[in-house]
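What follows is a single structure, written as structure tokens, with notes after it.
Just so it is clear, none of the values below were taken in a lab; they were calculated from the coordinates. These numbers come from a predicted model, not from an experiment. Cβ: placed from backbone, ideal geometry, glycine included. Neighbour counts: every protein chain shown.
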Amino acid sequence: MLTEREVISTIDMLRSEHLDVRTVTLGLNLFDCISDDFGTFSFKVRTKIHKFAKNLVSTCNEVGDRYGIPVVNKRITISPIGTVCAGFSRDQMVKTCQLLDDCAKEAGVDFLGGFGALVEKGITPGERNLIDALPEALATTSRVCSSINVGSTRAGINMDAVKLMGHRILDVAEATADRDGLGCAKLVVFCNIPQDVPFMAGGYLGVGEADAVISVGVSGPGVVKKAIDRAVKREGENLNISEIAEIIKTTAYKVTKVGQLIGSEVAQRMNLPFGVADLSLAPTPAIGDSVGEIFQSVGLSSIGAPGSTAVLAMLNDAVKKGGVFASSQVGGLSGAFIPVSEDAAIAAAASSGKLTLEKLEAMTCVCSVGLDMIAIPGSTPADIISAIIADETAIGMINAKTTAVRLIPVPGKTVGERAEFGGLLGGADIMPVQQGTATDFINRGGRIPAPIHSFKN
């Protein structure tokens, strides 16, 4: 139980420290909608999404108003379309994406995730059609997100899929060139993708999940920063790192409790099971709602300075410990995100050269997800993008953790110019990419075998 003092501090978090429930996400299984006939499939999908999602937004608003805790985004995740629509052509995959976009708009949700494929061990014809459909599909829709899983600790890395995604990311960027390659902000390439992520763009409903389930994503980097700042003001130089870790853990506990409260209430009102609480320090472009600012509170000049990887490791671990203590149903990614364009302090460090792509890659070894919302020159070759994906996937595969890549090659722009994506996606200066070539390596294809520690039967 929370003490009276903890309740008061939680209220302060809501009033002045950017605490919010970032998303309540409805997960829907679409396997019972499968049909060879697109018309029949379309009718079944529309019917199911309408049935379960028609009251999602209103219920979230009612619960948010009751507790005074805003639910910023309402979202839907679905079964991976590459599997659900295995028999569809490329054009039918495009139509499916447009169908899902219409359903999302009708339900009033901000995003719908699951237009993706699980290709860590091989690519089926249907999954290939989905990947080939991505440029047109993401260019002609606004609310659908796609995630492609190209590697796992158990399967290794599908280098054929890695090569393909390097090309498709460039194609998606070109298809949305008038919007600074915005389509790539809705496309993420994963290793070890969890099955219960409520956050976008990686959200989807795994094959082993319930028919319909409510999950919640809570975010509070501003809350963590303010908690550390108060302790520093009180203790000064006497405050050591272990004490800071404890402060982060305690704060994460309170934040997770808030998320569990909202998610459980929404689930109960909609007569659906509660899935997971995902406590991910997901920032916004707003000042004071930044993961990067936490590094300064701990004692670094900025994120990217020597010591950043150590601070991020401590932060990520403390967040997970606090979350797990608060709820037995913690899932998703739950940790610290470092999306460049979505975080004012991280974007500023990248713009000034204090934070490089190589340093970001090193930091992804110890945090949730990976190279996220990074604008790069539009002229970057496909093989280099594929090689970056391969590097990041290798980190996830070897370390048995989730990693991901969400790169945005901005057409017509180069290093130092700025890309704007709007809303929660923010904007960022275009970062340089290490010179070199990986053409021969990427063209070899095949699979990087799973590591020896994957064999645990």
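Could you tell me whether segment 214-454 comes out rounded, prolate or oblate from its Cα gyration tensor? Rule is a ≥ b ≥ c as square roots of the eigenvalues, rounded for a/c under 1.5, then prolate if a/b exceeds b/c, otherwise oblate. Walk me through the numbers before you get to the answer.
Values: a/c = 1.70, a/b = 1.36, b/c = 1.25.
Taking the square roots of the gyration eigenvalues as a ≥ b ≥ c, segment 214-454 is prolate.
What size of dipole, in debye to the nearest 20, comes out for the chain about its Cα centre when the only charges are +1 on Lys and Arg C-beta atoms and -1 on Asp and Glu C-beta atoms? Numbers along the way, then the final one.
Values: 42 positive and 49 negative charges, 142 e Å.
Dipole magnitude for the chain comes out near 680 debye.
Once phi is turned into θ = phi - 60°, what whole-Hz ³J(HN,Hα) does the Karplus curve with 6.51, -1.76 and 1.60 give for every residue of segment 163-175, x standing for Gly and Pro?
4, 4, 5, x, 6, 5, 4, 5, 5, 5, 4, 5, 5
Checking the a/c ratio against 1.5 first, then a/b against b/c, what shape does the Cα gyration tensor give for the chain? Each step should come with its number before you reach the end.
Numbers: a/c = 1.66, a/b = 1.16, b/c = 1.43.
It is oblate, given that a/c is not under 1.5 and a/b is not larger than b/c.
Quick one: of the DSSP bridges fully inside segment 127-274, what percent are antiparallel, nearest 5?
Numbers: 2 of 8 bridges.
Roughly 25 percent of the DSSP beta bridges within segment 127-274 come out antiparallel.
Counting helices only, and only those DSSP H runs with n ≥ 4, report the 222 nm mean residue ellipticity of the chain as the sum of -39,500 (n - 2.57) divided by its residues, in deg cm²/dmol to the nearest 500.
Details: 15 runs with 203 residues, N = 457.
Only helices count here, giving -14000 deg cm²/dmol.
Under the definition of Cα pairs under 8 Å and six or more residues apart, what whole-number percent is the relative contact order of segment 214-454?
Numbers: 454 pairs, mean separation 44.6, N = 241.
It rounds to 18 percent for segment 214-454.
With just the Cα atoms defining each centre, how far is segment 202-269 from segment 430-457? Give it in Å.
Segment 202-269 and segment 430-457 have Cα centres spaced 34 Å from each other.
Using Cα pairs under 8 angstrom and six or more residues apart, how large is the relative contact order of the chain, in percent?
Numbers: 1066 pairs, mean separation 81.5, N = 457.
Here the relative contact order equals 18 percent.
Please compute the contact order of segment 65-173 in relative form: average sequence separation of alpha-carbon pairs under 8 Å and at least six residues apart, divided by the residue count, as a percent.
Value for segment 65-173: 30 percent.
Could you count how many Lys pairs in segment 27-191 have their Cα atoms under 14 Å apart, skipping same-chain pairs fewer than 8 positions apart? Intermediate values should be presented prior to the final figure.
On the way: Lys54/Lys74; Lys54/Lys105; Lys74/Lys105; Lys121/Lys163.
Counting lysine pairs in segment 27-191 gives 4.
Considering the dipole of the chain built from charges on the beta carbon (Lys and Arg +1, Asp and Glu -1) around the Cα centre, which of Ala133, Ile81, Val255 is farthest to its positive end?
Value: Val255.
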